[in-house]
Amino acid sequence: MLSPIEVAKAAHILAERRRSGVQAERLPGECRPMDLDSALAVQSAVTRELGSEVGGWKCLLPPPDRLVVAPILASDIHRDVPVPVWAPDGVAKIEPELAFVFDRDLPARDEAYSSETVQSAIAHTHLVLELIHSRYADPAAVEFPELLADGLLNQGLFIGPEVDPDLAVAASEMAITVHSQSGAPETHAGRHPNTHPRAPLEWLVDFLRDTGAGIKAGDIVITGSYAGVLEVPLEEPVRVQFGELGELSVAFKARVQS
């Protein structure tokens, strides 16, 4: 387990990379998280150092020996276009997902929340795009705790239209089609990684209840990509069709490194 000083050092490095857009080598060995508790401590410290409120969460049902959970900063949640993104490869990297918006607080407490309480607290369901960017130059070469410490590649969200919640809750599979001006339509056989898109929500509420964070009214939660990471062009209109649920329209512009 990293010491508080080591956690603060790792968090400062990652926070500076988030601000500047710089991708660089792995964290120094003396502050590199090697376990999940250290990774979560760094993750929380990055959020504090950046000084933004948490506006939501990304999560999945955790596979063995891993935790798939990270905060999404309110300042990184976008509703207007063009959406500014770090795009060192000249493209925007996105993941098509569904987002669930809570309309009440589910604060930390000793008693677990019932399934009925969690599900009834979800007010809206939206089509969204998770915006993908790593603070590591070669994310495939780092260990999982380092990815977790860095927020699991998240650089924000683009919020699309609201959709029928009854249709969305049953959306285990759907075709994801991307339309752009500069290329032919691309269709992907979309499948939710946990089968049911709401499945991770109860786990997340219980995790946040146990760690003392809790869910807050207005939190936006995404639960996994239907098609992995997709690349789309910058500076032109893009449409993403989510099967029969609907489509969103978006455009991206590259942020300039400082």
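Nothing in this text is a laboratory measurement; each read-out follows from the coordinates by a stated rule. Remember, predicted model here, so these are calculated numbers, not experimental data. Here the Cβ is made from the backbone with ideal geometry for all residues, glycine too, and neighbour counts use every protein chain on show.
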Exercise for review: Calculate the radius of gyration of the Cα atoms of region 103-186 to one decimal place, then report Dmax, the largest Cα-Cα distance, as a whole number, both in Å.
Suggested key: 17.9, 54
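How would Lys253, Lys58 line up from fewest to most surrounding beta-carbon atoms within 10 angstrom? Provide the component values of the computation, followed by the final result.
Numbers: Lys253 14, Lys58 26.
Starting with the residue having the fewest Cβ neighbours, the order is Lys253, Lys58.
Taking other Cβ within 10 Å of each residue's Cβ, how do Asp35, Asp110, Asp76, Asp150 sort, fewest first?
Working: Asp35 13, Asp110 6, Asp76 21, Asp150 27.
Ascending Cβ contact count within 10 Å gives the list Asp110, Asp35, Asp76, Asp150.
Only Lys, Arg, Asp and Glu count, each charged at its Cβ (+1, +1, -1, -1), so figure out the dipole size of region 1-119 about its Cα centre, rounded to 20 debye.
Details: 13 positive and 19 negative charges, 77 e Å.
Computed charge dipole of region 1-119: roughly 360 debye.
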Review point. Per q in 0.08, 0.10, 0.14, 0.17 1/Å, what log10 I(q)/I(0) does a Debye calculation on the alpha-carbon atoms of the chain return?
Key: -0.30, -0.48, -0.96, -1.39
Revision key, fill the gap. In region 113-258, taking the dipole from +1 charges on Lys and Arg beta carbons and -1 charges on Asp and Glu beta carbons about the Cα centre, the listed residue (Leu230, Phe158, Phe144) farthest towards the positive end is Phe158
Revision key, fill the gap. Inter-part gap, Cα centre of region 105-122 to Cα centre of region 151-208, in whole angstrom, is 23
Check your understanding: Ser182 to Glu53: FRET efficiency via 1/(1 + (r/R0)^6), r the Cβ-Cβ distance, R0 30 Å, to the nearest 0.05?
Key -> 0.25
Check your understanding: Which helices of the chain meet both criteria: a Cα extent of 18 Å or more along the helical axis and a mean Kyte-Doolittle score no lower than 0.5, with helices taken as whole DSSP H segments?
Key -> 36-50
Check your understanding: Considering only DSSP beta bridges whose two residues both sit in the chain, what percent are antiparallel, to the nearest 5?
Key -> 85
Point to revise | Cut-off under 5 Å, modelled amide H: who pairs with Ala70 long-range | key: Lys58
Check your understanding: For Ala189 and Asp103 in one chain, what is 0.36 nm times their gap in residues minus the Cα-Cα distance, to one decimal in nm?
Key -> 27.8 nm
Check your understanding: To the nearest 0.05, what FRET efficiency results for Arg19 and Glu231 with a Förster distance of 41 Å applied to their C-beta separation?
Key -> 0.95
